[in-house]
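Coordinate-derived values only; no laboratory data. Everything numeric here is computed off the predicted structure, so don't read it as measured data. Ideal geometry is used to build each Cβ from the backbone, glycine not excepted, and the neighbour counts take in all protein chains shown.
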Amino acid sequence: MPTVFEARPLSSQMAKPKILFVDDSKLIRAAALKMFSESFDLQLAENGQEAWELIQHDEHIQVVFTDLVMPELDGFELLNIVRTSADERIRQLPLIVVTGADNSQDAKNKAYELGATDFLTKPFDAADINARAQAHVRYQETTQSLVETSIIDPLTDLLNFRGFEKQLDKDVSFSTRHNHELTVLNIEVDAFKALFVRIGRSGAETIIKRIAKVVVGAVRKEDTVARTGLSSFYVSLPGADPDGSLLIAHRICLAVNNFKATLQGKALPITVSVGACIVAEGLHADPSVIISCASDAQRRAAKRGLGQVHHIDLAQYRKKNRRSDAAAVSIDEALSEILQGGEKDVMTQMDYLLDELEPLLKLLSDEQRQRISKL
């Protein structure tokens with residue numbers, strides 16, 4: 001477990017901004033405790049590994065100060081895992097690098113490329129370090145507020161995950177109502193974390209923006225493209241037939257594979273893997289299930305190698321996963337819910353219930369089918 005030092009009793013710190021200071025020097029940590037304790041709820045860690053554990057489990061940390069040279073997990077590695085985290089809250093954390101006289105300019109440049117927010121040189125002035133901490137806390141609070149309410153990804157101007165969920169819900173309703181097919185693609189940049197380390201944050205963001213343009217250019221105006229994570233895109237293709245959707249997926253893979261990128265004079269391979277969830281005509285499903293299906297397909301594509309496409313039929317995906325669905329109800333439970341006025345709750349389980357009834361429905365005679373059609 002991480003070593004945590006509380007500057008004051010918890011009851012007196014609840015309203016204070018929480019910051020994390022990471023340094024393997026006991027002397028430096030003591031100095032930080034003295035300088036920050038008056039205005040901040042201070043957490044201390046001895047190395048990057050302890051810091052990473054705290055960052056993951058404490059969502060109230062607003063700013064991180066870190067040394068570069070540390071045991072177990074150094075400042076460069078901490079920068080990398082923070083800036084490539086799947087959690088947007090973590091990726092957006094202000095991360096100030098505390099450098100010493102022995103840190104070369106190359107080390108500082110590397111930290112900047114990995115996404116350092118600011119730099120602070122030892123020995124530091126108490127007034128200066130407190131002013132910087134306050135400024136970054138205010139900036140982080142503003143940024144986090146915008147993230148929590150926005151539906152637009154600031155890097156690509158595409159929808160973010162929140163916006164995509166809302167649009168997919170509309171596309172599912174439209175496709176069900178008009179008896180249309182629907183395909184959802186999940187596109188992931190292969191080995192992105194390793195790529196991030198090689199080319200830095202600026203280079204990685206340039207690649208993401210180029211891929212975004214490729215995806216937007218490959219689909220129709222009525223389709224929806226969203227950047228939903230660090231290196232992840234989703235595409236909703238309402239009314240598109242499965243063969244056409246998979247052709248689009250292959251074209252995206254080919255276009256990205258043809259990127260002309262170099263690093264230190266050597267070709268830099270960039271590929272994406274694409275998973276496709278195929279929703280049959282008129283089939284209704286919760287958007288979260290479709291997203292999960294597309295994500296599963298993408299993982300299968302990535303396992304096959306770089307730049308691959310894999311598709312999964314939603315009906316088959318649900319059959320495979322329904323027994324692990326803790327929320328699934330039995331036919332008897334559904335009938336009981338209806339008798340008690342719980343029709344809305346039963347509707348959320350309708351796809352599962354129809355799958356359960358499928359063997360019985362196949363045994364119906366023509367006369368019985370006609371009878372049901374008149375209900």
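For the pair ARG251 and GLU59, the difference between a 0.36 nm per residue extended length and the Cα-Cα distance amounts to 65.1 nm.
Backbone amide hydrogens, once placed in the peptide plane, bring GLY239 within less than 5 Å of GLU181, LEU182, THR183, excluding anything fewer than 5 places away on its chain. Counting DSSP beta bridges in the chain, what percent are antiparallel, to the nearest 5? Here the antiparallel bridges make up roughly 50 percent for the chain. The trypsin sites (Lys or Arg not before Pro) of region 75-177 include none that meets both conditions, a loop assignment by DSSP and at most 10 other Cβ atoms within 10 Å of the site Cβ. Remark: spin-label model distance SER288-ARG210 equals 3.7 nm, labels positioned 7 Å along the Cα→Cβ axis. What lysines does LYS34 reach when the alpha-carbon gap must be under 17 Å and sequence neighbours fewer than 8 apart in one chain are set aside? Straight-line reach from LYS34, under 17 Å: LYS16, LYS18, LYS26, LYS122. For a paramagnetic label modelled at 7 Å from the Cα of ARG300 toward its Cβ, which residues of region 218-243 fall within the zone defined by backbone nitrogen distances under 18 Å? Backbone N within reach: 235, 242-243. Close amide H partners of LEU114, meaning residues 5 or more places away or on another chain with modelled amide H under 5 Å apart, are ARG201. Within region 285-311, what residues put their amide N at less than 13 Å from the label point 7 Å along the Cα-to-Cβ vector of LEU354? Residues 285-286 qualify, since their backbone N sits under 13 Å from the label point. Here the chain is treated with +1 on each Lys and Arg Cβ and -1 on each Asp and Glu Cβ, and its dipole about the Cα centre works out to around 1120 debye.
Annotation: amide H-H contacts under 5 Å for PHE65 (H modelled 1.01 Å from N, sequence separation of 5 or more, or interchain): LEU20, PHE21, VAL22, ILE96.
If R0 is 41 Å, what FRET efficiency do you get for LYS320 and GLN264 from their C-beta distance, rounded to 0.05?
Details: r = 46 Å, r/R0 = 1.12.
E(calc), rounded to 0.05, equals 0.35.
In terms of surrounding Cβ atoms within a 10 Å radius of their Cβ, ILE151, ILE248 rank from fewest to most as ILE151, ILE248. Taken one residue at a time, the phi angles of region 303-310 give Karplus couplings (6.51, -1.76, 1.60, θ = phi - 60°) of 5, 7, x, 7, x, 9, 10, 9 Hz. Gly and Pro are set to x. Comparing mean-square fluctuations of LEU33, LEU335, LEU155 from a GNM of the chain with C-alpha springs under 10 Å, the top value falls on LEU335.
Net charge in the neighbourhood of TYR139 (other residues with Cβ under 13 Å of its Cβ; Lys, Arg +1, Asp, Glu -1) is 0. Between ARG91 and LEU335, full extension at 0.36 nm per residue minus the direct alpha carbon distance yields a gain of 83.2 nm.
When the listed pairs LYS166/LYS319; LYS193/LYS221; LYS110/LYS266; LYS110/LYS209 are checked against a 28 Å cut-off, the alpha-carbon distance exceeds it for LYS193/LYS221. Pick from PRO71, PRO238, PRO287 the residue whose mean-square fluctuation is largest in a GNM of the chain, springs joining Cα atoms under 10 Å. For the chain, modelled as a Gaussian network with Cα springs under 10 Å, the answer is PRO71.
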